[in-house]
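K.L.:
Have a look at the structure that comes next, please.
The values are calculated or read from the model by the stated rules, or taken from the named source; none is laboratory data. Everything quoted here is computed from the prediction, not taken from an experiment. All Cβ positions, glycine included, derive from the backbone under ideal geometry; neighbour counts span all protein chains shown. Please note that ligands, DNA and RNA were not included when accessible areas were found on the heavy atoms of the full protein model with its side chains. Shrake-Rupley method; radii C 1.70, N 1.55, O 1.52, S 1.80 Å.
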Amino acid sequence: MASLSVKPGQRFTVPDWHNNSHLISADAEHHRSASHQIRQEALALRNDTGNQAKWDESDSRTLLKDRIDSVNRWREILAKCLADIDLEIDALTKVKEAAENALQAKNLWLDVAIECLTFRESRRDIDVVRDPVEEELLREVKVIERTKKELQQRVEEAFKQLCILKEVRQQLNLDHRHKVEALELDQQCLSFNVTSGNISFKVNPTRIPDGTTALREWEANSQYNKDRAEAEMKASIELRGAIMLTIAQTNNELEAQRIATEFALRKRMRDMEAALNELRWQEQNTLEEIAEMEENIRQLEEHLRKRTLDLKVAHTRLETRTYRPHVELCRDQAQFGLTGEVRQLEETIRALQKKRTESQEALDTLYRQLHRIQTDIGYKTNSLQLDNKCMDTRRKLVIPVEKFDPEVDAVNRTRNLPRNSQLELL
C-alpha cells in the first residue's frame, strides 16, 4: 500500500491568500495610475517641448533673417561706398594726371622763356640793356617757377589723397568681404534643418570665441568705415576742385604773362625798327654829306692848286722884275700891285688850306659817325633778329607742338641748360 508524502513548508491561510490577491490588484492599479500620470506628463512635456522647440527655432530663424537683413543692408551700403570711392579714385587720378600734364607743359614755357633770355644775351654793346622785355621775361620765369611749385604741391596732395582713398577702399573692401562671408554663413545656418546631412554635435558650441565683438562695436565699425569713406571722398572732391582751379589760375596767369611779355617784345621791336629807320635815315644823310664834303674838299684842293699857280705867276713876275736895269728898278704901281697880289694870294692859300684841314677833319668825323651809325645799325639789326627769334620761339606756346615748324631750332640749347643757369638768369 502506497503512502502520502508530505512536503515540509509554510502554510498560508485563506485570508492571507485573499490579502495577497487584493495587494497585487491594488499595486497593479497604483502602478497603472502612476504610469498613466507619467504618460500624461510625458505627453504634456512632449507638446510643451515640441512647441517650445518650434518657437525657439522660429525665433532663431527670425533673428537670423533680421541679422541677414542688417548685414545685407550694411553690405549694400559698403558696396555703394566702394563703387563711389572707385569713381572718386578714377576722377582724382584723372585730375592728378591733368595737373601732371599741366606741370609738364610748364617746362616748355620755362624752356621758351630761358631760350628768349639766352637769345637776348647775344645783344651787343649799347643794346645790352635791362629793357621791359627782359624784365617781363624774368618775371615770366618767376611766374613759371611759382606755378610749377603750386602744381607740384597739388600733385603731391593728390597723390597723398589717392593713397588715403586706396587705404579707405581697402578697409571698405575688407569689411564688405567679411560681411559677404558672414552673410553666406548666416544663410547657410538659415538653411539648416533636421533633415540636413551635415548637422552634428559640436564641442562646447555655446563658447564665446576670441575676438568676439559687441553689436555696438560692430555697428560702430561699419559706421566708421562708411563715415570715413564719405569724408575722404568729400575731401577728394574739394581737392579736385582746388586742383582744377589751380590749373585754370596758373594757365590764366601764364597766359596773361605771355601776353604782357609779347606785348613788351612787340613794342620793343617797334621801337627797334623805328630806331633802325632813324639810323638808316641818318646813315643816308651822312653818306650824302660825306659825298658833298668830299666834293667840297676836291674843289678846295682844285682852288688851292689854282691859287698856288697864281702865286707862282706873281712870284715869277716879281722875281723877273728884279732884273730891271739901273733906274728902271723902281717901285712902281705894278710892283705894288704884284706885291699886294702875292700877299693876297698867300692869305687866300692859307685860308684855303685851313678850310681844307677843317673840311678833312669834318670828313673824318663824318666817317667816324658813319661807322658808329653803321655799327649801331648792326647792333640793332642783330637785336631785332634776336627778338624775332624770340617771337618765333614763343609761337610754341600757342601752336601745337606737332604743327610747330620753328625758323630757328635752339630748343636743345636751352633745355640742356643746368639748373643754376636759371638761377643766374633770375
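K.L.:
Picking from Arg228, Arg240, which residue would you name as being surrounded by 13 or more Cβ atoms within 10 Å (Cβ to Cβ), over 27 Å from the mean Cα position of the chain (by Cα) and basic (Lys, Arg)?
P.N.:
On the way: Arg240 fails: over 27 Å from the mean Cα position of the chain (by Cα).
Only one candidate passes the filter, namely Arg228.
K.L.:
Restricting attention to segment 208-225, which residues are of a type in the set (Ser, Thr, Tyr) and surrounded by fewer than 10 Cβ atoms within 10 Å (Cβ to Cβ)? Steps first, please.
P.N.:
Pass one, segment 208-225, residues of a type in the set (Ser, Thr, Tyr): 212-213, 222, 224.
Within segment 208-225, Thr212 is the sole residue that qualifies.
K.L.:
Still on this structure, please answer the following. From Glu319, Glu289, Glu301, grab the single residue that is open to solvent by 70 Å² or more (accessible area, probe 1.4 Å) and more than 30 Å from Gln335 (Cα to Cα). Spell out the reasoning first.
P.N.:
Working: Glu319 fails: more than 30 Å from Gln335 (Cα to Cα); Glu301 fails: more than 30 Å from Gln335 (Cα to Cα).
Going through Glu319, Glu289, Glu301 in turn, the sole match is Glu289.
K.L.:
Which residues, taken from segment 135-169, are in contact (Cβ under 8 Å) with a residue 24 or more places away in the chain, surrounded by fewer than 17 Cβ atoms within 10 Å (Cβ to Cβ) and hydrophobic (A, V, I, L, M, F, W, C)?
P.N.:
Correct list: Leu138, Phe159, Ile164.
K.L.:
May I pose another question? Within segment 217-265, can you find the residues that are of a type in the set (Gly, Ala, Ser) and either outside any helix (DSSP H, G or I) or under 17 Å from Ile89 (Cα atoms) (or both)?
P.N.:
Scanning segment 217-265 gives Ala229, Ala231, Ala235, Ser236, Gly241, Ala242.
K.L.:
Would you point out which residue out of Ala79, Ala91 is modelled with pLDDT of 90 or more, within 30 Å of Leu174 (Cβ to Cβ) and out of contact with any His (no Cβ under 7 Å at 6 or more places or on another chain)?
P.N.:
Answer to the selection: Ala91.
K.L.:
For the structure I just gave you, tell me whether Thr195 is among the polar types (S, T, N, Q), open to solvent by 90 Å² or more (accessible area, probe 1.4 Å) and modelled with pLDDT under 90. Explain how you work it out, then say what you get.
P.N.:
Details: among the polar types (S, T, N, Q): yes; open to solvent by 90 Å² or more (accessible area, probe 1.4 Å): yes; modelled with pLDDT under 90: yes.
When the stated conditions are applied, Thr195 passes them.
K.L.:
Another question about this same structure. Residues of segment 94-112 being in contact (Cβ under 8 Å) with a residue 60 or more places away in the chain and small (Gly, Ala, Ser), which ones?
P.N.:
Ala98, Ala99, Ala102
K.L.:
From Leu63, Leu4, which residue is at pLDDT 90 or above, on the phi < 0 side of the Ramachandran plot, open to solvent by 70 Å² or more (accessible area, probe 1.4 Å) and of a type in the set (A, V, I, L, M, F, W, C)?
P.N.:
Numbers: Leu4 fails: at pLDDT 90 or above.
Being at pLDDT 90 or above, on the phi < 0 side of the Ramachandran plot, open to solvent by 70 Å² or more (accessible area, probe 1.4 Å) and of a type in the set (A, V, I, L, M, F, W, C) holds for just one of Leu63, Leu4, which is Leu63.
K.L.:
Determine which single condition Ala248 fails, assuming it passes every other condition in (1) under 30 Å from Met391 (Cα atoms); (2) open to solvent by less than 60 Å² (accessible area, probe 1.4 Å); (3) in contact (Cβ under 8 Å) with a residue 40 or more places away in the chain.
P.N.:
(3)
K.L.:
Can you report the number of residues in segment 322-345 which are in a helix (DSSP H, G or I) and open to solvent by less than 90 Å² (accessible area, probe 1.4 Å)?
P.N.:
9
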